[in-house]
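Participant: There's a structure below that I have some questions on.
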Amino acid sequence: MGNDPPIGQPTAIALLKAAIAKNRVAPAYLFAGPDGIGRSIAARYFVRLLLAGDRDRHDLNNHPDFLWVEPSYSYNGKIYSPKEAEEAGLKRKFAPQIRLEQIRNITRFLSRPPLEAPRSAIVLEGAETMGESAANGLLKTLEEPGRATLILLAPSVESLLQTLVSRCQRIPFYRLCSEDMERVLRQTGYEEILHDRTILSAAQGSPGAAIAAWKQLENIPPELLSKVTQLPRSISEAMMLAREISSTLDIPDQLWLLDYLQQIYWQQFLQGSIRVSPLQSLENARHYLRSYVQPRLVWEVMLMEAVL
């Protein structure tokens, strides 16, 4: 796929190309849409167009006028990307987030003029993970970005502070149709996923989510996965299962498990295997985990509600 635009996002790509063609590139953009549907690919594609003064350069990671910022972990005063945290064997007790120090780094990056391209370009992946202090720091940058364009990637307009949204031009991204979904999975070598109905249903038109789920299954011990796919039958069983989940899985794995269980439990509810829909309990659990509530308590409440 290389330098090509993402599959299944013609509206977004048309808007971005038009902005460049008409020389009306905005200081900031919000690429709004679910994870795994091509926002990151579109961001890199758009940045390549913006940095056209360096036409022969294909590795954006080494471009002096380009900065990619992603949610991170902090440990002993050092910031780790999710990949670095995994390689270092860090216990990830909370979900990663974009931190104030990363926003300050953006300010330092923009304090100098572009070196090779007509402008600088910055992409903030997972912009919705910013805390209040980081968001306020970014707000100042958006007000006076200089010769730069910032691209925020977030699942929805509502996931960001309105003060940030108001300073960005929104570019909508949509879930892929089944044909585009199949095309992406075949091109990326994950055609096996096309035979897994649970993963396809959970992905809801997001090939990235489907691929991530396929890989994520390898991180869940088979015995634990077997236990959680059936709701507990008693309070004591719910308590024991909550303890096992919280002690075995990191927060990112727990958040993924909630999404996976949503599909499993919903099918069981439709088939009459369980009497009450657990969807609201799952949504509450997802919210609390992202709000840094103690994980074991979150799972205890969710599983006990299913029993009661």
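Participant: Does the range 121-143 contain at least one residue that is touching a helix residue (DSSP H, G or I) at 6+ places or on another chain (Cβ under 7 Å) and of a type in the set (Asp, Glu)?
Facilitator: Yes.
Participant: Let me ask you something else. Would you mind stating whether Ser277 is more than 20 Å from Arg92 (Cβ to Cβ), touching a Phe, Trp or Tyr at 6+ places or on another chain (Cβ under 6 Å) and either at pLDDT below 85 or surrounded by 12 or more Cβ atoms within 10 Å (Cβ to Cβ) (or both)?
Facilitator: yes
Participant: Of a type outside the set (A, V, I, L, M), touching a Gly at 6+ places or on another chain (Cβ under 7 Å) and touching a residue at least 60 places away in the same chain (Cβ under 8 Å): is that true of Ser234 in this structure?
Facilitator: Criteria not met by Ser234.
Participant: Of the conditions (1) part of a helix (DSSP H, G or I); (2) over 13 Å from Thr229 (Cβ atoms), Gln268 satisfies every one except a single condition; which number is it?
Facilitator: The single condition Gln268 does not satisfy is (2).
Participant: Could you list, in sequence order, all residues of the range 189-208 that are surrounded by 13 or more Cβ atoms within 10 Å (Cβ to Cβ) and in contact with a helix residue (DSSP H, G or I) (Cβ under 7 Å, 6 or more places away or on another chain)?
Facilitator: Answer for the range 189-208, where residues must be surrounded by 13 or more Cβ atoms within 10 Å (Cβ to Cβ) and in contact with a helix residue (DSSP H, G or I) (Cβ under 7 Å, 6 or more places away or on another chain): Tyr190, Ile193, Leu194, Thr198, Ile199, Leu200, Ser201, Ala202, Ala203, Gly205, Pro207.
Participant: Further question: Being surrounded by 18 or more Cβ atoms within 10 Å (Cβ to Cβ) and either out of contact with any Asp or Glu (no Cβ under 6 Å at 6 or more places or on another chain) or not assigned by TED's automatic domain parsing to the domain that holds Arg286 (or both) is the requirement here; does Ala52 meet it?
Facilitator: no
Participant: Sticking with this one: When residues of the range 17-38 are filtered for being touching a Pro at 6+ places or on another chain (Cβ under 9 Å), within 17 Å of Arg167 (Cα to Cα) and not aromatic (Phe, Trp, Tyr), how many remain?
Facilitator: Total satisfying the criteria: 3.
Participant: Given Ser226, Ser277, Ser281, Ser236, which one is of a type in the set (Ser, Thr, Tyr) and touching an Asp or Glu at 6+ places or on another chain (Cβ under 9 Å)?
Facilitator: Matching residue, one of Ser226, Ser277, Ser281, Ser236: Ser281.
For (1) surrounded by fewer than 19 Cβ atoms within 10 Å (Cβ to Cβ); (2) small (Gly, Ala, Ser); (3) modelled with pLDDT of 95 or more; (4) more than 20 Å from Leu67 (Cα to Cα), each residue gets a yes or a no:
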position: Pro5; (1), (2), (3), (4): no, no, no, no
position: Thr11; (1), (2), (3), (4): yes, no, yes, yes
position: Ala14; (1), (2), (3), (4): yes, yes, yes, yes
position: Ala18; (1), (2), (3), (4): yes, yes, yes, yes
position: Asn23; (1), (2), (3), (4): yes, no, no, yes
position: Tyr29; (1), (2), (3), (4): no, no, yes, no
position: Gly33; (1), (2), (3), (4): no, yes, yes, yes
position: Gly38; (1), (2), (3), (4): no, yes, yes, no
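Participant: Separate question: What residue, among those in the range 82-99 that are over 14 Å from Thr248 (Cα atoms) and in contact with a Pro (Cβ under 8 Å, 6 or more places away or on another chain), is surrounded by the most Cβ atoms within 10 Å (Cβ to Cβ)?
Facilitator: Here the answer is Ile98.
Participant: Condition (residue is at positive phi, surrounded by fewer than 17 Cβ atoms within 10 Å (Cβ to Cβ) and not in a helix (DSSP H, G or I)) applied to the range 225-243: is it met by at least one residue?
Facilitator: No, there is no match, as no residue in the range 225-243 is at positive phi, surrounded by fewer than 17 Cβ atoms within 10 Å (Cβ to Cβ) and not in a helix (DSSP H, G or I).
Participant: Mind listing whichever residues of the range 240-299 are within 24 Å of the chain's Cα centre (by Cα) and of a type in the set (Lys, Arg)?
Facilitator: The answer is Arg286, Arg290, Arg296.
Participant: Let me ask you something else. Which condition from (1) under 21 Å from Leu160 (Cβ atoms); (2) buried (at least 16 other Cβ atoms within 10 Å of the Cβ) is the one that Tyr73 breaks?
Facilitator: Condition (1) is where Tyr73 drops out.
Participant: I've got another one for you. It is to be established whether one or more residues within the range 161-168 are among the β-branched types (Val, Ile, Thr), in contact with a Leu (Cβ under 7 Å, 6 or more places away or on another chain), surrounded by fewer than 21 Cβ atoms within 10 Å (Cβ to Cβ) and in the same structural domain as Asn61 (by TED's automatic domain parsing).
Facilitator: yes
Participant: Got a sec? Which helices (runs of 4 or more DSSP H) wholly within the range 114-216 have at least 2 residues that are out of contact with any strand residue (DSSP E or B) (no Cβ under 7 Å at 6 or more places or on another chain) and touching a residue at least 60 places away in the same chain (Cβ under 8 Å)?
Facilitator: By residue number, 178-187, 197-203, 207-216.
Participant: Which one of these does Lys91 not meet: (1) without any contact (Cβ under 8 Å) to a residue 60 or more places away in the chain; (2) over 19 Å from the mean Cα position of the chain (by Cα); (3) at negative phi?
Facilitator: In the conditions (1) without any contact (Cβ under 8 Å) to a residue 60 or more places away in the chain; (2) over 19 Å from the mean Cα position of the chain (by Cα); (3) at negative phi, Lys91 misses (1) alone.
The values are calculated or read from the model by the stated rules, or taken from the named source; none is laboratory data. Note that the structure is a prediction, hence the values are computed from the model and not measured. Quick reminder, even Gly has a Cβ in these numbers, built from the backbone with ideal geometry, and neighbours come from all protein chains shown.
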